[in-house]
Amino acid sequence: MRQSKLFTKTRREPPADEVAKNAQLLVRAGYIHKEMAGVYDFLPLGLRTLNKIIGIIREEMNAIDGEEVFLSTLQDPKIWEKSGRWDDDVVDVWFKTRLKNGNELGLGNTHEEALTALMSEHIASYKDLPRYVYQFQNKFRNETRAKSGIMRAREFIMKDLYSFSKDSASHNEFYEKVAGAYENIFERVGIGAKTYRTFASGGSFSKYSHEYQTVCTAGEDTIYIDSTKRLALNKEVYDDTEVYAVTGMDKESLTEAKAIEVGNIFTLGTRFSEALGLSYKDVEGRSVPVFMGSYGIGPGRLMGAIVELTADEKGLVWPEAVAPFSVHLVSLGQTDDEIKKMADALYSDLVNAGIDVLYDDRDLRAGEKFVESDLLGIPRRIVVGKNAVATGAFEIIERATGAVMKRSRAELLTK
Ligand code: ATP
Ligand code: MG
């Protein structure tokens, strides 16, 4: 992509109304736009990164036999009344609206009810199980606090996967597969080393659920880490003696840390299948409620967490796998025929080699271009200026380390 065609502008100053580092930097770099508190738009660069994160999650969900769907945002109160979750005293984050005839509708804050009701038209026998269904869909939540930037939005994309199993034993097997997939995801987006499988409170069917918590000072949660076991406890279960028996963790040797909940996995059991009439006939022809689980990840929260962990004083620093582009090609002489020709040629060479390149083909001062390039955080910058024309070698600067290399065109293309 040519930067002259990119409509977004960068800003020198962080927006005055934003306290979270992730939102300050992403707004400054033109990745997102703030509509209002807790509501953000993704602009071309931000959307590229968001889509890379979504792509990685999708690959891992497909690898464990997930089937992708896209359910509606508008939700029928009837199914929520069946599960007892329409009431604002039960779910305190509802956004509700009305049809012209006065009937109420909800904007989905999660999709257990909708999907369970839907699956009852497709699951009838033990032969129809297990099934694993997921989506990337907007959730609407009237969150009280919205000061963590894109990590806590009132409208946000969630990857939500739901599992439908015969019994708790086959459920448990899949649950561990999801745990493995989640670990792959956090590793691939570059936050694996800081992310812990964390025991948290579970709800009606299992004593505990698991959260994936990424250690970060900007986190809203407090966790206690056992670094040898690579496990953690959420503060909410810290004083529960049973959790130490279950996990083999020693309360005395845990370290406290602030963390961001980037994902969670949850055993639902028959809580929703019983309420919404999702059952199957077993081998003997008896009717049995389907055993369920739900598994969430917020791609936007993940993107915010990556920014919180990797950004430096100059701006964003994207890990390769989620960077909007892998190369920032910066030309330092759009008015110099030789430089322009060399930069144009390298741009088409790189694009033809299948590399994602952002080409700064604008007529601006070098200093201005470099400051902006640092802010955008693309993993490496290739500079084409007088020097490259004279020597035939291009300067490559690694964004994360500042390391500088010189490479010829041929060397560049073989790497
Ligand atoms: P939290 O305790 O942080 O509010 P939650 O328990 O409400 O999270 P879930 O309902 O299980 O979270 O949602 C699944 C995932 O969706 C979370 O792990 C997180 O990654 C993401 N998520 C939840 N709420 C938000 C939000 N307001 N903005 C962005 N992402 C969110
Ligand atoms: Mg919440």
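Table for the structure above
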item: Pairs beyond 19 Å (Cα-Cα), from LYS21/LYS147; LYS386/LYS406; LYS78/LYS127; result: LYS78/LYS127
item: Nearby lysines by direct alpha-carbon distance to LYS159 (threshold 19 angstrom, same-chain neighbours under 8 apart not counted); result: LYS52, LYS139, LYS177
item: In the range 301-381, GluC sites (Glu not before Pro) in a DSSP loop with at most 13 other beta-carbon atoms within 10 Å; result: GLU313
item: DSSP loop chymotrypsin sites (Phe, Trp or Tyr not before Pro) with at most 16 other Cβ within 10 Å: longest gap in the chain; result: 239-415
item: Hz values of 3J(HN,Hα) by residue in the range 134-146 - Karplus curve (6.51, -1.76, 1.60), Gly and Pro given as x; result: 9, 8, 10, 8, 6, 10, 10, 9, 7, 5, 5, 9, 9
item: Spin-label model distance (nm) - GLU368 vs ASP88, 7 Å beyond Cα toward Cβ; result: 5.1
item: The range 290-370 - Rg over Rh from alpha carbon coordinates, Kirkwood radius; result: 1.20
item: For the range 171-223 versus the range 46-72, the gap between their alpha-carbon centres in whole angstrom; result: 18
item: Separation of the ALA169 and GLU398 label points, Cα + 7 Å toward Cβ, nm; result: 5.1
item: Distance-filtered residues of the range 130-167 - backbone nitrogen under 13 Å, label point 7 angstrom along PHE95 Cα→Cβ; result: 138-144, 153-158
item: Nitroxide proxy distance, nm - points 7 Å out along Cα→Cβ at GLU13 and ALA124; result: 6.7
item: Within the chain: Cβ-based charge dipole about Cα centre, in debye rounded to nearest 20 (Lys, Arg +1; Asp, Glu -1); result: 1160
item: Global geometry of the range 325-414, whether rounded, prolate or oblate, following the gyration tensor of its Cα atoms and the 1.5 cut on a/c; result: rounded
item: Rounded if a/c under 1.5, otherwise prolate or oblate - the range 3-310, Cα gyration tensor axes; result: oblate
item: Inter-part distance where the range 250-282 and the range 127-154 are each reduced to a Cα centre, Å; result: 15
item: FRET efficiency, SER253 to ALA63 (Cβ-Cβ, R0 45 Å, nearest 0.05); result: 0.80
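Read-outs: derived from the displayed coordinates by stated rules, not from any lab. None of the values given here were measured: they were computed from a predicted structure. Neighbour counts are summed over all protein chains in view; Cβ atoms, including those assigned to glycine, are modelled from backbone coordinates with ideal geometry.
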